[in-house]
Amino acid sequence: MDKFDAVIIGGGPAGLMAAAVAAQRGRNVLLIDKNRLLAKKLRITGKGRCNITNAADIPDLILNVVTNSSFLYSAFYTFTNENTIRLFNSLGVETKVERGGRVFPQSDSAKEVADSLVSYAKKSGAAIISGCAKDILISDGKVFGVALSSGEEIYAESVLIATGGVSYPLTGSTGDGYKFAEKAGHKIIPPKPSLVPLNTKEAWVKDVMGLSLKNVEITLKKENKVLYKDFGEMLFTHFGVSGPVVLSSSAHIKNTDGEFTLIIDLKPALTFEQLDRRIQRDFQKFINKNFSNALVELLPKKLIPVIVELSGISPELKVNQISKEQRKSLAYLLKNLPLSITGARPIEEAIITSGGVCVKEINPSTMESRLAKGLFFAGEVIDCDAYTGGYNLQIAFSTGYLAGENI
């Protein structure tokens, strides 16, 4: 029987970070992953560009964590976003900061980030094998190894579960870690999709499918309560809406009880009065045209028929016949375009899983289980999730580092 100081289940960002850190401490480390290609999900993040972290200060990082932010204080302060950037720079990955503090590799290549992390773990001395962990071995409240589906048993003083959640199951995130954690007595907060596109009731979204709006402000409301507000980019799809600001807003839809509304401000840089004056100028310019032909400088072409219909103004009405009330009603619509949210897309389409191993049963200073000695957790398998912008990968790196330091 093989024996190691530590066995790590899962070769994603958290597992690879932990493997490298533990191996550098002189620990005899084995990392097991069911995929031959490690960091499979990392390779497709950020549309293949990989938003490594965010350049915000630590308090802001914590503010952008939606679920159990206080659990991450120790992790974020022990291995900071600056540490993450310095590490990747030292591994040969040059970085750049984009809008909203998002940090990307200079090459825009998620593959470069993943390959550098795999190389880091290997060069640090961690052994890596392709295999499927079937179970953790546990007795008298202490783990002592891992059983593989091949029938082989590997003994270890510590076991780290870094198996991810259940989003993007084709990358290997199939919820195995929850089963292992439950065996050790851990409570699992039911997994739900987070950072996921949203379905809408309105049929008109299909007419503008593929349209991307770059500088809009969205407000997510439940009944009359504002749940989330953000500025940035969104995308219309055949089922509803997606894009960075929409994905982040989805973190606030844990269930579909109640009525959710997404309000889009198409012209957030203008006050209502400024927008009204802008419309007046456009109407003056196109004074003899039909209303449907007078919005070409104000809106994307695909969106014009939708706004015309929703405004209630006849498309054939001449601009010089539009009343002041109709014009002001149009301005209001442009700053308050409503969409009825009927729910989130399936968890398989989510970027991140919300839910997982209950944080109350994990020591936040070490990532060790409070219930089973020698059992550790890191990354998405833990019940912590954040908005888009590099925050979720920082959770993986910070918790992975902390586990690697203590395993």
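Would you list, by chain and number, the lysines whose Cα falls below 21 Å from the Cα of Lys222, excluding same-chain residues fewer than 8 positions away?
Qualifying lysines at Cα under 21 Å: Lys192, Lys201, Lys254, Lys335.
Expressed in nm to one decimal, what extension gain is obtained for the pair Val226 and Ser340 from 0.36 nm per residue of sequence separation less their Cα-Cα distance?
Net length gain for the segment: 39.6 nm.
With a sphere of radius 12 Å drawn around the Cβ of Gly145, what net charge do the other residues whose Cβ falls strictly inside it have (Lys, Arg +1; Asp, Glu -1)?
Spelling it out: positives minus negatives among the neighbours equals -3.
Round to a whole angstrom and tell me the spacing of the C-alpha centers of the stretch 38-96 and the stretch 129-147.
The distance from the Cα centre of the stretch 38-96 to that of the stretch 129-147 comes to 29 Å.
Show which lysines lie in cross-link reach of Lys206 when reach means a straight Cα distance below 17 angstrom and same-chain residues fewer than eight apart are skipped.
Counting by Cα, and skipping residues close in sequence, Lys206 has these lysines nearby: Lys301, Lys302.
Figure the gain on full extension for Asp60 and Lys3 (residue separation times 0.36 nm, minus the Cα-Cα span) and round it to one decimal in nm.
Result: 16.3 nm gained on full extension.
Pick the calculated Rg/Rh (Cα atoms, Kirkwood Rh) for this structure from [x] 1.18; [y] 0.99; [z] 1.08?
Computing Rg/Rh (Cα atoms, Kirkwood Rh) and matching it to [x] 1.18; [y] 0.99; [z] 1.08 gives [z].
If R₀ is 30 angstrom, what is the calculated FRET efficiency for the pair Leu317 and Glu273, using the beta carbon separation as r and rounding to 0.05?
My answer for the efficiency is 0.80.
Using the Cβ atoms and a cut-off under 12 Å, what net charge is assigned to the surroundings of Tyr228, where Lys and Arg are +1 and Asp and Glu are -1?
+2
Got a sec? Which residues in the stretch 3-36 would a label at Ile129 touch, if it sits 7 Å along Cα→Cβ and we count backbone N under 16 Å?
The answer is 3-11, 28-36, whose backbone nitrogens lie closer than 16 Å to the label point.
In whole Å, what is the distance between the alpha-carbon centres of the stretch 270-290 and the stretch 156-172?
First find each Cα centre; the distance between them is then 56 Å.
Can you order the peptides 377-387, 152-162 by their average number of other Cβ atoms within 10 Å per residue, highest first?
For the peptides 377-387, 152-162, the packing ranking is 377-387, 152-162.
Take every DSSP beta bridge with both residues inside the chain and express the antiparallel ones as a percent of the total, to the nearest 5.
DSSP beta bridges in the chain are roughly 70 percent antiparallel.
At a Cα cut-off below 20 Å, give the aspartates and glutamates reachable from Lys40, other chains included and same-chain residues fewer than 8 away excluded.
Output for Lys40: Asp108, Glu112, Asp115, Asp176, Glu348, Glu349, Glu380, Asp385.
Given +1 on the Cβ of Lys and Arg, -1 on the Cβ of Asp and Glu, and no further charges, what dipole in debye does the chain carry about its Cα centre, rounded to the nearest 20?
With only Lys, Arg, Asp and Glu charged at Cβ, the dipole is about 980 debye.
With only Lys, Arg, Asp and Glu charged, each at its Cβ (+1 for the first two, -1 for the last two), find how big the charge dipole of the stretch 175-215 is about the Cα centre; round to the nearest 20 debye.
Taking the Cα centre of the stretch 175-215 as origin, the dipole is about 120 debye.
State the extension gain, in nm to one decimal, for the chain segment bounded by Glu152 and Gln280, taking 0.36 nm per residue of separation less the distance between their alpha-carbons.
38.5 nm
In the neighborhood of Ser329, defined by Cβ-to-Cβ distances under 12 Å, what is the net charge if each Lys or Arg adds +1 and each Asp or Glu adds -1?
+2
So if I average 1/r over every pair of distinct C-alpha atoms in the stretch 197-344 and take the inverse, what Kirkwood radius in Å does that give?
For the stretch 197-344, the Kirkwood estimate is 15.9 Å.
Would you work out which of Ser194, Gly164, Gly151 lies farthest towards the positive end of the dipole of the stretch 143-195? Charges go on Cβ: Lys and Arg +1, Asp and Glu -1.
Checked the options; the winner is Ser194.
Which distance in nm do the two modelled labels at His252 and Leu310 give, with both placed 7 Å along the Cα-to-Cβ direction?
A separation of 1.8 nm, rounded to one decimal place.
Since every read-out is calculated from the coordinates, none of them should be taken as a lab result. Owing to the predicted nature of the structure, the values given are computational and were not obtained by experimental measurement. Reconstructed Cβ throughout: ideal geometry from the backbone, glycine too, with neighbour counts over all protein chains shown.
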